[in-house]
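Heads up: the structure comes next, in structure tokens.
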Amino acid sequence: MEDQAPGLSIHDSVATITLQRPSQHNRIAPDDCSVISGQLSRLARNPDVRVLVITGTGTQTFSSGYTLGAIQDQLDNRFEDMLDAIEQFPLPTICAINGSVYGGGTDLALCCDFRLGVTGSKMFMPASRIGLHYYPGGIRRYVGILGLAAAKKLFLTAQAIDDTEMLRIGFLTERVDARELDAVVHSYIEHILACEPKVLATVKTDLMATAYGHADPKVLRAHYTESLNSPELKARLAVINNKKR
């Protein structure tokens with residue numbers, strides 16, 4: 001297929017954003033940032049969508065990150081704003097990492113709730129090698145999700161790591177054979193759809209706030225109390241109790 005802007009498709013309750021520049025290893029062009037941000041805004045207003053999947057075209061590379069030729073004069077707030085929007089997206093997000101991932105593509109993956117990668121893939125953070133001090137949000141995610149030791153290794157040595165190391169440090173939620181990636185993604189989707197949507201939204205918000213030290217105990221307590229008194233909890237417990245009889 002020809003290289004083009006990221007595509008958006010919606011099937012039932014699942015939205016999929018696909019990076020579509022296979023000849024460039026699914027690089028993220030400057031204008032792609034606005035495209036993805038707009039897609040996220042539309043999806044957040046769509047009450048029928050309950051899960052977002054982000055993936056790439058082909059079987060070799062999920063994403064090679066931001067276009068290198070645009071880093072000096074076009075690496076503006078659009079890229080960071082897009083990544084923050086993915087990280088803060090109110091619905092569960094799955095990154096189906098269909099190949100290796102590099103540079104800003106690694107941070108895009110870290111913005112997602114689940115990262116399902118394929119056997120044989122690699123990741124590489126070349127920022128220090130090309131003389132780029134990474135932006136604050138990316139460093140926060142690297143340290144917060146992967147830990148300081150792993151972040152130091154990736155940033156201070158610019159070494160590539162394999163899928164075993166990606167799994168060990170928590171970059172990958174799961175590692176699967178490439179032939180099984182779609183099935184595993186579908187399994188995650190099925191489990192997510194079986195959960196109560198309102199609770200998923202508040203729990204995701206509270207988990208993120210707690211992880212980054214912004215949690216308000218009163219808000220967390222309010223979400224808990226609200227769920228205890230919700231008709232959704234009552235209905236779901238009734239179904240479970242009826243099955244036991």
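The values are calculated or read from the model by the stated rules, or taken from the named source; none is laboratory data. All figures in this text were calculated on a predicted structure; none of them were measured in a lab. Because the Cβ atoms are built from the backbone with ideal geometry, glycine has one as well, and the counts that use them run over all protein chains shown.
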Ser37 being assigned by TED's automatic domain parsing to the domain that holds Asp182, farther than 20 Å from Asn77 by Cβ and of a type outside the set (A, V, I, L, M): no
Mind listing just one residue for me: the one in the range 43-55 that is out of contact with any strand residue (DSSP E or B) (no Cβ under 7 Å at 6 or more places or on another chain) and in contact (Cβ under 8 Å) with a residue 12 or more places away in the chain and, of those, farthest from Ile86 (Cα to Cα)? Asp48
If the requirement is being loosely packed, with under 12 Cβ neighbours inside 10 Å and not basic (Lys, Arg), which of these qualifies: Ile192, Ile240? Ile240
Exclusive hit being at positive phi and either in contact with a Gly (Cβ under 9 Å, 6 or more places away or on another chain) or modelled with pLDDT of 95 or more (or both), set Gly138, Gly131, Gly147: Gly147
Hits in the range 163-173 - residues which are touching a residue at least 24 places away in the same chain (Cβ under 8 Å), loosely packed, with under 14 Cβ neighbours inside 10 Å and on the phi < 0 side of the Ramachandran plot: none
Among the candidates Ala109, Ala158, Ala127, Ala150, single out the residue that is touching a Pro at 6+ places or on another chain (Cβ under 6 Å) and in the same structural domain as Ser64 (by TED's automatic domain parsing). Ala158
